Amino acid sequence: MNKPIRSPLPSVDEVLRHETAQAAAARFGRTAVTAQVRRQLEGARAAFARGERGEVQAETVALAALQALEEADQPSQRRVFNLTGTVLHTNLGRAVLPEAAVQAVAEAMRSPTTLEFNLRTGQRGERDDHVRGVVRELTGAEDAVLVNNNAAAALLVLAALAKGKETIVSRGELIEIGGSFRMPAIMASAGTKLVEVGTTNRTHLKDYAEAIGPRTGLLMRVHTSNYIVQGFTKAVPEKELADLARERGVPFVDDLGSGTLVDLARWGLRRERTVQDALRDGADLVTFSGDKLLGGPQAGFIAGRKDLVQRCARHPMKRAVRLDKLRLAALEATLKLYRDPDRLPELLPTLRFFTRSRDELRAVAARLAPGLQRALDRFAPAGWRVETVDYASQIGSGALPLDTLRSAGLACVPLAKRPGKSLDRLAVALRSLPIPVIGRISEDRLVLDLRCLEDEAGFLATVSALDETA
Ligand SMILES: *Cc1c(COP(=O)(O)O)cnc(C)c1O
């Protein structure tokens, strides 16, 4: 009878005694290292059972365990270079926050704060008071309340003001924002009955007038953020809607989507109706996002008539969608920058990205091209040509959907016969870098739009690691 072959594996203790395992234990703790070493040895034993012979050293196992622990230790949410050409990229976290907000958040994280404490009276305060004042000052609204995001703002307004009643909306505005935010679904979950008026392309004032009745709770307008109805169209101006609503005693809510506090035309962008415009045109309430054109943290604003805002603030759902101290700190710091619009492009990254000129970006591209070419030459010798190219970037997040910004960047052009494979391989390699680089593939090239790149040295240092991923 044959003696069974003993697997030539080191013991757990042998591996743990190795200096690599000791170093790993100093970083990740003994428990984690022991568990990982066991897992590695199990894998090796299984390989042996499958017939993969060959000696397994303690050092090899220790190293594999260390690598596995390092990989698991990487933060799951990581910093990336957004070179997609979309400034407010929802999948990449939308707005990059201003330094003032970063400081304010760090401070609020480290210490107890006056989140719900009134220093003057020593009594309980209200968390939204930290931004209520500056929102009123900047927008002219009587009052404001803050929630988790604009979807929550819409939900809370509908639940607080139109539950069990009807909400009138134009058929042309029944939007889906993506990520399953659909206006009709939001209305259903708020318990209000959607009454659609008009048609997809045309809605008249009399359509609204005829729909208003004893069961009407709200008249609502929704900004068609991410699409445009063109051609034979008619939408009722907000002012006329507001007048009709007032005449019939129904509140009028304007969901602005992005909601900007400044006239973007000042910096050569398309003029988007501001929050101030909407309130001046007679909206009783407006809702808008914190992390779109505003350039702040994720948040939702409900601003306008005091009595209506207070009904939202007192609704039980408010507690479920309220902001935490960190985002309130970030929001307060961001909003205060709007007191000095002249310095906004300098201090607010979102606006700074929007306003970078093509000439500036061409210069960035020219500076970075040689370094990227060198990195690609090491990654795949004679495989790629780097070109500086003009692009059109997008605002993103459904803000100004038709507008593009004259931009520039770098194109990685594959020299191989079958570019598809090379492109995918490079895209994967760029995503595997210490700071992942996210571009896009377009017309058989890998495109890096440089509008949102400020850390040029960091970018060059990162791509110089490309050869290691080869
Ligand atoms: C983006 C958007 C929303 C959702 O806002 P979030 O802050 O992403 O929740 C709602 N309505 C409109 C019109 C929008 O453009």
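The set of residues in region 98-113 being in a loop (DSSP other than H, G, I, E, B) and open to solvent by less than 50 Å² (accessible area, probe 1.4 Å) consists of P98, S111. Any residue at all in region 396-404 that is closer than 26 Å to R367 by Cβ, free of Cβ contacts under 8 Å to residues at least 24 places away in the same chain and either surrounded by fewer than 22 Cβ atoms within 10 Å (Cβ to Cβ) or out of contact with any Ser or Thr (no Cβ under 6 Å at 6 or more places or on another chain) (or both)? Yes, there is a match, as at least one residue in region 396-404 is closer than 26 Å to R367 by Cβ, free of Cβ contacts under 8 Å to residues at least 24 places away in the same chain and either surrounded by fewer than 22 Cβ atoms within 10 Å (Cβ to Cβ) or out of contact with any Ser or Thr (no Cβ under 6 Å at 6 or more places or on another chain) (or both). Being open to solvent by less than 80 Å² (accessible area, probe 1.4 Å), assigned by the TED database to the domain that holds H18 and more than 16 Å from the ligand (Cβ to nearest atom) is the requirement here; does A68 meet it? When the stated conditions are applied, A68 passes them. When region 297-313 is limited to residues that are hydrophobic (A, V, I, L, M, F, W, C) and within 16 Å of G140 (Cβ to Cβ), the one that is nearest to the ligand (Cβ to nearest atom) turns out to be F301.
The set of residues in region 264-296 that are more than 16 Å from the ligand (Cβ to nearest atom) and touching an Asp or Glu at 6+ places or on another chain (Cβ under 8 Å) comprises L269, R271, D281, G282. Residue count for region 114-137 under the criterion of being surrounded by fewer than 20 Cβ atoms within 10 Å (Cβ to Cβ) and assigned to a loop (DSSP other than H, G, I, E, B): the result is 12.
Of all residues in region 20-61, those being in contact (Cβ under 8 Å) with a residue 40 or more places away in the chain, under 39 Å from the mean Cα position of the chain (by Cα) and surrounded by 17 or more Cβ atoms within 10 Å (Cβ to Cβ) number 2.
Checking L430, L460 one by one, the residue that is in contact (Cβ under 8 Å) with a residue 12 or more places away in the chain, of a type in the set (A, V, I, L, M) and surrounded by fewer than 17 Cβ atoms within 10 Å (Cβ to Cβ) is L460 and no other. Here A366 meets each of (1) outside the structural domain of A162 (by the TED database); (2) crowded, with 17+ Cβ neighbours inside 10 Å with one exception, condition (2). The strands (runs of 3 or more DSSP E) found entirely in region 138-185 that carry 2 or more residues being buried (at least 19 other Cβ atoms within 10 Å of the Cβ) are 143-147, 166-170. Looking only at region 181-188, decide whether some residue is within 12 Å of the ligand (Cβ to nearest atom), closer than 21 Å to D284 by Cβ and of a type outside the set (D, E). Scanning region 181-188 turns up at least one residue that is within 12 Å of the ligand (Cβ to nearest atom), closer than 21 Å to D284 by Cβ and of a type outside the set (D, E).
The values are calculated or read from the model by the stated rules, or taken from the named source; none is laboratory data. In this text the structure is predicted, and so the values were computed from the model without any measurement. Glycine also receives a Cβ, built like all others from the backbone with ideal geometry; neighbour counts cover every protein chain displayed. SASA here: full protein model, heavy atoms, side chains in, ligands and nucleic acids out. Shrake-Rupley method; radii C 1.70, N 1.55, O 1.52, S 1.80 Å.
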